[in-house]
1. Would segment 230-237 turn up any residue that is of a type in the set (G, A, S), assigned to a loop (DSSP other than H, G, I, E, B), more than 22 Å from the chain's Cα centre (by Cα) and more than 30 Å from H345 (Cβ to Cβ)?
2. Within segment 252-297, which residues are surrounded by fewer than 18 Cβ atoms within 10 Å (Cβ to Cβ) and among the β-branched types (V, I, T)?
3. Inside segment 251-354, counting only helices (runs of 4 or more DSSP H) that do not spill past its ends, which hold 3 or more residues that are within 15 Å of F30 (Cβ to Cβ)?
4. Has segment 153-160 got at least one residue that is farther than 24 Å from G86 by Cα and modelled with pLDDT of 95 or more?
5. From the list G203, G171, G222, which residue is touching a residue at least 60 places away in the same chain (Cβ under 8 Å), within 19 Å of L91 (Cβ to Cβ) and under 19 Å from the mean Cα position of the chain (by Cα)?
6. Run down R17, R35 and say which single residue is modelled with pLDDT under 90, among the basic types (K, R) and over 28 Å from L188 (Cβ atoms).
7. In segment 153-186, how many are surrounded by fewer than 24 Cβ atoms within 10 Å (Cβ to Cβ), part of a helix (DSSP H, G or I) and among the small types (G, A, S)?
Amino acid sequence: MTQSVKTSPPSNSQTSRILPLADFSSESAFVFKPRGGLRNGHLQTIVGNFFPRPPFTLPSVAEEVEVDPADGSRVLCHCHWQPAPGSSLTLILVHGLEGSSDSRYIRGVAARAWAAGCNVVRMNMRNCGGTDLLTPTLYHSGLSADVGAVIRHFAKRHELRRVALVGYSMGGNMVLKLAGEWGAMAPLCAVAAVCPAINLAVGSDALHEPANRAYELHFLRGLMRRFRRKAELFPHIYEPQKIGPVRSIREFDDKILARYWRFRDADDYYDRASSAHVVDRIAVPTLVLQAKDDPFIRLLPETRAKLVANPAIRFVETSHGGHCAFLSSDSGDDIHWAEATVIRHLLSLSEKPNWG
């Protein structure tokens with residue numbers, strides 16, 4: 001199924017607008033107005049990471065899913081099933097770099113989706129959520145096949161007919177990459193990506209800019225801790241003493257990730273793992289939310305052109321929002337605009353006749 005997309009430029013410095021598709025009830029679904037005092041991308045990003053949320057109380061079932069039979073790699077999923085899973089829309093949620101199934105934004109989307117009657121699967125990428133023992137490998141942004149393996153596993157077990165993917169940042173790149181690779185393959189029926197790292201190379205370089213070094217060092221400390229932990233668990237594979245100093249994300253990807261995943265170098269990894277190469281092949285209804293003031297996500301002009309040109313994609317680029325924050329002027333829990341918008345978008349699609 002494809003749909004036409006029409007866009008309009010931001011109406012002012014505080015609001016960006018995209019005209020609704022025919023199946024949306026009002027234009028307000030895609031209007032973002034930042035919370036007072038949070039019109040700066042860095043402030044949005046930082047405050048969004050710590051802004052208090054309602055307690056997460058959903059009971060879940062933890063299940064390991066094998067994603068690579070060749071080496072036995074497994075990922076841990078936390079699942080929330082409605083009484084009749086096969087008749088409900090299932091959302092598979094994929095977190096960002098150094099996140100997990102317990103990341104605040106993942107819990108926020110999960111709670112909304114569950115309340116709307118959806119099944120929810122909160123997927124950890126390899127090693128994330130305390131699962132280093134489940135795989136001998138590191139994780140990276142190109143492992144879209146892992147997401148596909150999770151879809152197939154649960155679709156078979158619960159006879160799922162409709163599965164939608166929701167990904168944030170690095171997870172956003174992974175779900176868009178899978179959607180481009182799968183096309184219209186069932187049971188995938190919709191995708192939503194928030195601040196997806198579609199162009200990995202320019203995003204990595206943006207993290208190394210002086211204004212973004214705090215973010216880079218935060219991610220780098222986590223990645224290096226994980227690498228040292230993997231070396232302790234799998235000393236026959238990893239040799240940290242041969243790596244030398246690592247001072248940036250690009251150096252990590254060049255010296256460590258490329259080495260152990262057999263990419264030629266960081267640029268080879270970035271090129272092969274970026275969803276930018278396949279977004280023009282996405283064939284299911286897809287929402288991409290992006291903020292112009294995101295501190296370190298960058299879109300190349302040709303990638304933006306592909307997103308806008310694909311009739312299956314609704315590309316929403318707001319003036320404000322930071323990185324995966326989008327704290328709005330709305331009251332109550334709707335302050336988390338991206339989460340609310342993603343769920344409203346998917347539910348509105350599910351109301352279309354014969355959708356999915």
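The values are calculated or read from the model by the stated rules, or taken from the named source; none is laboratory data. Remember, predicted model here, so these are calculated numbers, not experimental data. Counting neighbours? That spans all protein chains shown, and the Cβs are built from the backbone with ideal geometry, glycine included.
1. Just the residues of segment 230-237 that are of a type in the set (G, A, S), to begin with: 231.
From what is left, the residues that are assigned to a loop (DSSP other than H, G, I, E, B) are none.
Checked against the condition, which is being of a type in the set (G, A, S), assigned to a loop (DSSP other than H, G, I, E, B), more than 22 Å from the chain's Cα centre (by Cα) and more than 30 Å from H345 (Cβ to Cβ), segment 230-237 yields no hits at all.
2. The answer is none; no residue qualifies.
3. Details: elements: 258-261, 266-273, 301-309, 337-350.
The qualifying helices (runs of 4 or more DSSP H) are 337-350.
4. no
5. Exactly one residue qualifies, and that residue is G171.
6. Checking each option against the conditions leaves just R17.
7. Looking only at that region, the number is 2.
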